[in-house]
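What follows is a single structure, written as structure tokens, with notes after it.
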Amino acid sequence: MEPRRIRHGLLNQVSIGWQGCFALSQRHAMVMEAKNSAHSEVCTGVLLRKLAAAGVRPTRQRLDLARAIFGAGNRHFTAEMLYHETRSIRFAPTLGTIYNTLNEFARCGLLREIAIYDAKLWYDTKTGPHYHFYREDTEELSDIPEEWVPEFQIPAPDGTSIAAVDVIVRLKKV
């Protein structure tokens, strides 16, 4: 394979899908700081296309946060969790930048916001319709397996339509 020149180095011509791009490394910090590696360049290209398709201007900090958010596949997290995960980035974002970026990603459909009763706002990378378990004792949010969810037949009142049905099943240890 003949390498082709990329802005910051050489990249072998490889084809890596969206999911496979991030399966190359489990440690977000290593991926984020490996700016000259071939896989990082490919991942950056995938992220640039993803952000552009959603209408998000790709700044350096948005790209760094996108790597941390989407690098682990489908996941649930809070802004504070993401803040602690990104402390090892060379130019670590502030908590305010993280909140602004998460709000922008949610507004553009890249993330789903989930409001939990204890005033914590969670984010989910899986944006399609699905339901959640929330463990009160460990403060963990997880997806309910699709086969466990009953069908809902809820009629909308006159003059309205149902935008979404959000179900959160709260769990506590017995």
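Could you tell me whether any residue of the stretch 145-155 is in a loop (DSSP other than H, G, I, E, B) and in contact with a Phe, Trp or Tyr (Cβ under 8 Å, 6 or more places away or on another chain)?
yes
What's the number of the condition Glu139 fails, among (1) on the phi < 0 side of the Ramachandran plot; (2) at pLDDT 90 or above?
Glu139 satisfies every listed condition except (1).
Just to be sure I understand the filter: pairs with C-beta atoms under 6 Å, separated by 6 or more residues or on different chains, first member in the stretch 57-81 and farther than 19 Å from Thr127 by Cα, second member modelled with pLDDT of 90 or more and in a loop (DSSP other than H, G, I, E, B). Which pairs pass?
Taking only residues 6 or more apart or on different chains, the pairs are Gln61/Pro93.
Could you tell me how many of the residues in the stretch 57-72 are out of contact with any Leu (no Cβ under 7 Å at 6 or more places or on another chain), surrounded by fewer than 20 Cβ atoms within 10 Å (Cβ to Cβ) and more than 26 Å from Asp118 (Cβ to Cβ)?
Looking only at that region, the number is 4.
Quick one: how many residues across the stretch 61-102 are out of contact with any His (no Cβ under 7 Å at 6 or more places or on another chain) and part of a helix (DSSP H, G or I)?
25
Can you name every residue in the stretch 114-127 that is without any contact (Cβ under 8 Å) to a residue 24 or more places away in the chain and either in the same structural domain as Ala163 (by TED's automatic domain parsing) or assigned to a loop (DSSP other than H, G, I, E, B) (or both)? First the steps, then the outcome.
Within the stretch 114-127, the first condition is being without any contact (Cβ under 8 Å) to a residue 24 or more places away in the chain, and the residues that meet it are 115, 118-119, 127.
Matches in the stretch 114-127: Asp118, Ala119, Thr127.
The values are calculated or read from the model by the stated rules, or taken from the named source; none is laboratory data. Here the structure is a predicted model, which is why all the values come from computation and not from measurement. For neighbour counting, all protein chains shown are included, and Cβ atoms are generated from backbone atoms with ideal geometry for every residue, glycine included.
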